[in-house]
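Trainee: Let me begin by handing over the structure; questions about it come next.
Just so it is clear, none of the values below were taken in a lab; they were calculated from the coordinates. What you see is a predicted model, and the numbers here were worked out from it, not measured in a lab. Every residue, glycine among them, receives a Cβ derived from its backbone with ideal geometry; neighbour counts consider all protein chains shown.
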Amino acid sequence: NKQVPHDKSLDNSLTLMQEGYLFLGNRMKEYGTDLFEARLLGQQVICMSGEEAAKKFYNPELFQRKGAAPKRVQKTLFGQNAIQTMDGDAHIHRKILFLSLMTPAEEKNIGNMVAKAWEDKIAEWEQAESIVLFEEAKELLCRVACEWTGVPLDEEEVKIRADDFAAMVDAFGAVGPRHWKGRKARTRAEDWITGLIEDVRSGERAVEDETALYEMAFYQTPDGDQLDAHMAAVELINVLRPIVAISTFITFAAVALFDHPEEKEKLRQGGEEYLDMFVQEVRRFYPFGPFLGARVKKEFEWKGCIFKEGQLVLLDMYGTNHDERIWDQPFYFNPERFRHHPENLYDFIPQGGGDPKKGHRCPGEGITVEAMKASIEFLVDKIDYDIPDQDLSYSMARMPTLPESGFVMSNVRRKAE
Ligand code: HEM
């Protein structure tokens, strides 16, 4: 691949740990390219960024997910051999199962559940000196996720389950103790949910049909087989865990309201349309998913670069969401940019790109957006609060990242109607 910039470093894994979300973008800028090769994670990897790259990446003729996700990530974030690692008809069949749970009506339902759960918190917060928004959001979303999926959850269990789901997410870019914490959390959650699936199948526990618990327990693969109880648990956790992870975006939304106080008034005046623009800008601007990986299915050439069969390719999600070719002044927070931004499956990819029915794009975007909207409306319209001195900075090297303080609020009181 002579026409493509090659990063000469022996291995970039350390630099990746040091630069985090900006690693790929920094190299793209340095080489003046949206495509380069580098040694990373012990292999020769092609890194690419931008709308055109996303279009390639989501072409199932060119790329597959089998063998792409490192075991480290499967043992923490995804669960082993789960939907994220599947290809072809088997993947689409399972994807339809996920998508069937997330109808627009159910997405709204989750938004309403989140709104009500926040309201129910006010009285308690009025008695507290201060609260940490991220911690509160995690637990609240864990309750909502379990209730919505039909998973029974005792009040004493909420914190440990919420912390476990969060620890799986927190481990995705980690080595060392943070990784092991994520693995332990996954083992504990899988044991819990596997037992539940078994009880549902044996009839020991009644479950409402059309809940995610029911659908995962009784789903049949294209061959007509049920998933083994553990695999069903892993896929149910693929619904529960990411709902809890919305707490990260909610915390960043609060940071956005703090850093841009004028946004509160715009949200009050701007109705549903502005709320939607604000949510999109939070998902674009703040770092959460850094990049995605897939393997080349069959050799092809693009932009003078040979993509060899089996080679690992990374798509820069964070970089695409901050690509100057797409976004004017991408490092400014500005919801207005979404007022006239045409619908495009490949230029705005905080939860992956392409058509979720045909590829791996996140099926949970509607849920995420509704839960964020309910939370932002709550912060803007339902309560007043003070923001004590704290460290709201977030590291761009740590993946995933979060404001250091988790967003502390004090003197919370219900807004006068
Ligand atoms: C896949 C991000 C919320 C369920 C993904 C992918 C990303 C992502 C980047 C991978 C796309 C790809 O591989 O091409 C996020 C973020 C969320 C979020 C940042 C906000 C917290 C949710 C929610 C759910 C969900 C709320 C479900 C309730 C899934 C599933 C997949 C997935 C099942 C695998 C899809 C597949 O492999 O076909 N998500 N997601 N996510 N997400 Fe989300």
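Trainee: For the range 229-346, list the strands (runs of 3 or more DSSP E) that sit wholly inside it and hold at least 1 residues that are surrounded by fewer than 22 Cβ atoms within 10 Å (Cβ to Cβ) and among the aliphatic types (A, V, I, L, M); which are they? Steps first, answer last, please.
Mentor: Working: elements: 291-296, 300-302, 305-307, 312-316.
Per the criteria, 291-296, 305-307, 312-316.
Trainee: A follow-up question, please. Got a number for residues in the range 1-52 being exposed (fewer than 15 other Cβ atoms within 10 Å of the Cβ) and not in a helix (DSSP H, G or I)?
Mentor: The number of residues fulfilling the criteria is 11.
Trainee: Now a separate question. Given the range 89-176, what helices (runs of 4 or more DSSP H) lie entirely inside it while holding 1 or more residues that are in contact with a Phe, Trp or Tyr (Cβ under 8 Å, 6 or more places away or on another chain)?
Mentor: Working: elements: 104-119, 122-127, 133-149, 158-170.
It comes to 104-119, 133-149, 158-170.
Trainee: Mind telling me which of the residues Val175, Val132 ends up being within 18 Å of Gly406 (Cβ to Cβ), in contact (Cβ under 8 Å) with a residue 40 or more places away in the chain and away from the ligand (no atom under 16 Å from the Cβ)? Even if it seems obvious, please write down each step before you answer.
Mentor: Numbers: Val175 fails: within 18 Å of Gly406 (Cβ to Cβ).
Exactly one residue qualifies, and that residue is Val132.
Trainee: If you don't mind, there's one more thing I want to ask. Mind listing whichever residues of the range 199-228 are in a loop (DSSP other than H, G, I, E, B) and under 27 Å from Ser375 (Cα atoms)?
Mentor: Glu210, Thr211
Trainee: Cβ-Cβ distance below 9 Å, separation of 6 or more or different chains: which pairs start in the range 403-417 with a residue that is in a strand (DSSP E or B) and end on one that is of a type in the set (S, T, N, Q)?
Mentor: Matching pairs, first to second residue: Val408/Ser130; Val408/Gln390; Met409/Ser130; Ser410/Ser130; Asn411/Ser130; Val412/Ser130.
Trainee: Let me ask something else. Among (1) within 26 Å of Asp191 (Cα to Cα); (2) outside any helix (DSSP H, G or I), which single condition is Gln74 missing?
Mentor: Tallying (1) within 26 Å of Asp191 (Cα to Cα); (2) outside any helix (DSSP H, G or I), Gln74 fails exactly one: (2).
Trainee: A further question on this structure: Exactly one condition in (1) without any contact (Cβ under 8 Å) to a residue 60 or more places away in the chain; (2) within 17 Å of the chain's Cα centre (by Cα); (3) within 27 Å of Leu99 (Cβ to Cβ) is false for Asp163; which is it?
Mentor: The number of the failed condition is (3).
Trainee: Go through the range 96-110 and give me each residue that's out of contact with any Lys or Arg (no Cβ under 7 Å at 6 or more places or on another chain), of a type outside the set (Asp, Glu) and within 11 Å of the ligand (Cβ to nearest atom).
Mentor: Applying the first criterion (out of contact with any Lys or Arg (no Cβ under 7 Å at 6 or more places or on another chain)) to the range 96-110 yields 96-98, 100-110.
Going one step further and asking which of them are of a type outside the set (Asp, Glu), we end up with 96-98, 100-105, 108-110.
The answer is Ile96, Leu97, Phe98, Leu101, Met102, Ile110.
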